[in-house]
Each structure stands twice: as structure tokens, then as C-alpha cells.
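Q: Below you'll find the structure I mean.
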Amino acid sequence: MLERLSFHTLNKEIIEPGICAACYGCVSFCTANKLNVLSIEKGMPVYCDEKNCLEDGICYLICPRTPDLEKALKTKYQYEEPIGSYVALRSLRSTNKEITDVCCDGGLVTGLLEFMLDTQRIDGAVLSKKESLWNNEPTIATDFKDLLKCAGSSLAQSQSIMDIEDFTTYTSGFHALKKPNLLDYTKLAVVGTPCQITTIRKMQLLHIIPSHIVNFTIGLFCFENFLMNNDGVKFLTKKLGTDFDQIEKINLKEDFIVRLKDGKVHHIDLEDLGPIIRPTCLACIDFSNYSADISVGGIGSPDGYTTTLVRNQATQRLINLAISQGYLEETTPRDALEKIKKMAERKKNRGQKTLLERKTKNTNHRAH
Ligand SMILES: Cc1cc2nc3c(=O)[nH]c(=O)nc-3n(C[C@H](O)[C@H](O)[C@H](O)COP(=O)(O)OP(=O)(O)OC[C@H]3O[C@@H](n4cnc5c(N)ncnc54)[C@H](O)[C@@H]3O)c2cc1C
């Protein structure tokens, strides 16, 4: 007999084998949300009131790790592995010094959103904002001041080891999309990691509210996110041979780049960061954020520029317009295509291996 899709199925196929991306799409967009069916416990989605589950399978279908809508997504966004389809590969940066002083790479993300807000192409953007040191919260930015507070990366903080308790670089924008005043918005941009953008795209395929108001998606390249606690800090400081509070900025390109206050720069291979990698990221196969309108990272551009895979003609026109109106400027990428392909292959191979290992382990565990 065919099993009805529900959170039970998600639990059995995704959460129990340890491959849940912990994006919280299932919890945020559960149809029976008001009935308090799902919640998050110890960082993982759980049933809190199973008897109210409507068993409509929405949580399962929109999960970035379930297979059912993959084919439809691939058809709609024309993925071609390893990096998906694109119409241009560009190195861009904002021309606004207020942005380039605080951004992560070239401030393309903040600069393009500034242009889109100024020209009323969007009325808000779902971003990650530093609420306090080591604490990022999803937010909807509606003006330039908001955008500036979100620019840059939460990895670029340094502070005494005493201040760190279970810090994660991951921010689920979905909490912002659950805001009660969401109906105030009609055109939102969303910036997110591959698991978040995939969930949004699956929701759009199924016409699930509020994905209809998302009219632009900026996908971050993402090899992995990090979990930092005191042990993680000790691991990193040992690797760097320096105190944690000597770190000035951490950035991610083809490796993990740490700039110290004394000017020294360390490069660490992203697969050499074992204890601080968010375990679920090891089971992800998408580096380049296949289904976004643009995908961005630092890899393959000169310092101070953002590498941008422009995935459709409408976005190409948008960027050209932002350049012609003085919001963005451009230089030539540096071996970007080869570098992105290499990272994408590495991530795909690691993800497929982890998926197989975890699923096999879970099946064996069930059999005993
Ligand atoms: C965890 C993580 C891993 C990454 N891994 C790589 C990598 O391996 N290789 C690589 O080349 N690039 C990677 N990137 C992308 C890169 O670090 C920059 O974010 C990207 O180049 C954009 O730079 P920018 O200067 O244009 O962005 P900025 O103008 O500084 O803006 C960045 C924007 O992204 C928003 N943001 C960040 N995280 C989230 C989130 N989770 N949800 C919503 N909004 C968010 C910020 O709030 C900000 O608005 C990663 C980014 C993150 C956050």
C-alpha cells in the first residue's frame, strides 16, 4: 500500500538518517502551523503534536533533500551539473563606499538590492542581520540602512573565546518569511544558501504561500556552514597558532581564509575543518545554488569583487541597468569557471558519499 506523505515519512527518510539540512522549511511552512504540529528541538524539526498532523505531505515535498520535486525543478531551472545553467559569469562590485567598507566580497549583493529597492523592483529583502555579537537573526530589510546592517559576513567577527557558546554561521531566513505582517509585502528578494533557495523554489512549484511574493532569489555559493563552540574555537586557534581574538576577518572562497590583526593571512582547506563543519552540510551536493536567479561568491574574482553566475536574461538586463545607473561596476573574473566547477564537483562527491553512508548506516540500524 502507498504510504501517505507526512512528517513521519520525512522523519524516516531524512531526519533519522542524519541528512536533514535543518533549514526549518518544514516547520515554518507546515500547513497546520496554527495547530502547533511541528517545532524545533535541539536544532532539529520534531513533532510536537502529532495528532493534529494533516498528512498533506507539504513538509516532505518542500524539503531540499527529498527527491519528488527534483525532476520538476531541474526542468524548470534547466540545471546542468556541476554548476547549473547560466547566461554570464561576471565579477562585480558595488560603487558605494559605505557598502564596500563592510561587505563580504564586492558588496554585489547589497549593491544590487539597493538598486532594486530604489527602483521599486522589490519592497524588501530577506537577509541575515547581526543582532548581537555571535547572534544573527533573519530579517526583512526595507531600506538602505537595513541593508547596510546586514552586509558582510557573520564569519568576520573576532572576540574573546569566553563570548562564544554554540555559534552557528547558518541563519534560516524562513523565520522572517513567517512574520505576521508579511502581507505588507508584494515583492521580496531572498538571499540564502542552496538548501534555503531550493525550499523556496519547491514551494513556488506547489504555489505555497508566501513563496508567491518572492520575485528574486540571490543564492550564496556554499561549501559548508559552521558550528562554533568553545571546542571549535580551540580547534581553530590551534590550527592557526594564535589567539582567537587576533582574528580580524574570516572569508570563504575556494578555501577558508583567515586574516589576522597583524596582517598575516592563513588559508585552510574547507575539508580540513572537520570539528567545526555543520554536520548536515556534509550531506549536501549543491555548491553553486542551482535554482537561484543569481549565484554569488568570492571564488574566482580579484579581492574586493563578487563572482556572479547570472542565471537568466532578465537578471542579466537588471545587472546591466544597475551598472549603467552607477550602482555596480565590473572587472574580469579570474579562472572563475574552472574554480567553481572544481568546488562544485568536490562538494557533490563528498555529499553523495555522505548520503550513501548515512542512509546505509540507518538501514542497518533499523534492521537490528
Ligand atoms: C555560510 C556561507 C558559506 C559560504 N561559502 C562560500 C564558499 O565556499 N565559496 C565562496 O566563494 N563563497 C561562499 N560564500 C559567499 C560569500 O561569502 C559572500 O557571501 C558572497 O560572495 C557575497 O558577497 P558580497 O560582498 O556580494 O555580499 P554582501 O554585500 O556583503 O552581502 C551579503 C548578504 O548575504 C546575507 N546573508 C548571508 N547569509 C545569509 C543567510 N543565511 N540568509 C539570508 N541572508 C544571508 C547577508 O545578510 C548580506 O545581506 C558563503 C557565504 C556564507 C554565508
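Q: Here is a check on your reading of the model: is Ala336 touching a Leu at 6+ places or on another chain (Cβ under 6 Å) and either under 30 Å from Arg90 (Cβ atoms) or aliphatic (A, V, I, L, M) (or both)?
A: On the way: touching a Leu at 6+ places or on another chain (Cβ under 6 Å): yes; either under 30 Å from Arg90 (Cβ atoms) or aliphatic (A, V, I, L, M) (or both): yes.
Yes.
Q: Something else about it: Can you find a residue in the stretch 255-277 that is more than 17 Å from the chain's Cα centre (by Cα) and within 23 Å of Gly111 (Cβ to Cβ)?
A: Checking the stretch 255-277: at least one residue is more than 17 Å from the chain's Cα centre (by Cα) and within 23 Å of Gly111 (Cβ to Cβ).
Q: Would you mind finding the one in Thr354, Thr363 that is farther than 24 Å from Val102 by Cα and either in contact with an Asp or Glu (Cβ under 6 Å, 6 or more places away or on another chain) or surrounded by 18 or more Cβ atoms within 10 Å (Cβ to Cβ) (or both)?
A: Working: Thr363 fails: either in contact with an Asp or Glu (Cβ under 6 Å, 6 or more places away or on another chain) or surrounded by 18 or more Cβ atoms within 10 Å (Cβ to Cβ) (or both).
The conditions single out Thr354.
Q: If I go through the stretch 64-109 residue by residue, how many of them are β-branched (Val, Ile, Thr), closer than 30 Å to Thr280 by Cβ and assigned to a loop (DSSP other than H, G, I, E, B)?
A: The total comes to 3.
Q: How many residues does the stretch 283-303 contain that are farther than 22 Å from Lys202 by Cβ and in contact with a Ser or Thr (Cβ under 7 Å, 6 or more places away or on another chain)?
A: Going through the stretch 283-303 one residue at a time, the tally reaches 6.
Q: Need the failing condition index for Asn135 against (1) touching a Phe, Trp or Tyr at 6+ places or on another chain (Cβ under 9 Å); (2) within 16 Å of the ligand (Cβ to nearest atom); (3) modelled with pLDDT of 95 or more, just the number.
A: (3)
Q: Does the stretch 140-192 hold any residues that are of a type in the set (S, T, N, Q) and at pLDDT below 95, and which are they?
A: Passing the criteria: Ser153, Ser154, Gln157, Ser158, Gln159, Ser160, Thr168, Thr169, Thr171, Ser172, Asn181, Thr186.
Q: Now, a different point. What are the residues in the stretch 218-260 that are of a type in the set (A, V, I, L, M), surrounded by fewer than 18 Cβ atoms within 10 Å (Cβ to Cβ) and without any contact (Cβ under 8 Å) to a residue 24 or more places away in the chain, if any?
A: Here is the first cut: in the stretch 218-260, the ones of a type in the set (A, V, I, L, M) are 218, 220, 227-228, 233, 236, 240, 247, 250, 252, 257-258, 260.
Subsequent filtering for residues that are surrounded by fewer than 18 Cβ atoms within 10 Å (Cβ to Cβ) retains 240, 257, 260.
Correct list: Ile257, Leu260.
Q: To continue, here is another question. Could you list all residues from the stretch 77-118 that are under 20 Å from the mean Cα position of the chain (by Cα), among the hydroxyl-bearing types (Ser, Thr, Tyr) and within 10 Å of the ligand (Cβ to nearest atom)?
A: Thr110
Q: Could you count how many residues in the stretch 29-47 are within 19 Å of Glu16 (Cβ to Cβ) and either of a type in the set (D, E, K, R) or modelled with pLDDT of 90 or more (or both)? Steps first, please.
A: Taking the stretch 29-47 as the starting set, the residues that turn out to be within 19 Å of Glu16 (Cβ to Cβ) are 30, 37-47.
From the residues that got through so far, the ones that are either of a type in the set (D, E, K, R) or modelled with pLDDT of 90 or more (or both) too are 30, 37-42, 44-47.
Of the residues in that region, 11 qualify.
Q: While we're here: Please indicate, with yes or no, whether at least one residue in the stretch 277-287 is in contact with a Gly (Cβ under 8 Å, 6 or more places away or on another chain), modelled with pLDDT of 95 or more, within 16 Å of the ligand (Cβ to nearest atom) and of a type in the set (Phe, Trp, Tyr).
A: no
Results for (1) within 16 Å of the ligand (Cβ to nearest atom); (2) charged (D, E, K, R); (3) under 19 Å from Tyr170 (Cβ atoms); (4) not assigned by TED's automatic domain parsing to the domain that holds Cys281, shown as yes or no for each residue.
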position	(1), (2), (3), (4)
Asn230	no, no, yes, no
Val233	no, no, yes, no
Lys239	no, yes, no, no
Ile250	yes, no, yes, no
Asp262	no, yes, no, no
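Q: Sticking with this structure for a sec: Could you grab me the full set of residues in the stretch 168-223 that are among the β-branched types (Val, Ile, Thr) and more than 10 Å from the ligand (Cβ to nearest atom)?
A: From the stretch 168-223, those among the β-branched types (Val, Ile, Thr) are 168-169, 171, 186, 190-191, 193, 197-200, 208-209, 213-214, 217-218; that's our starting set.
If the condition is that a residue be among the β-branched types (Val, Ile, Thr) and more than 10 Å from the ligand (Cβ to nearest atom), then Thr186, Thr198, Thr199, Ile200, Ile208, Ile209, Ile213, Val214, Thr217 are the ones that fit.
The values are calculated or read from the model by the stated rules, or taken from the named source; none is laboratory data. Bear in mind that the values here come from a model prediction, so they are computed numbers and not experimental data. Cβ: placed from backbone, ideal geometry, glycine included. Neighbour counts: every protein chain shown.
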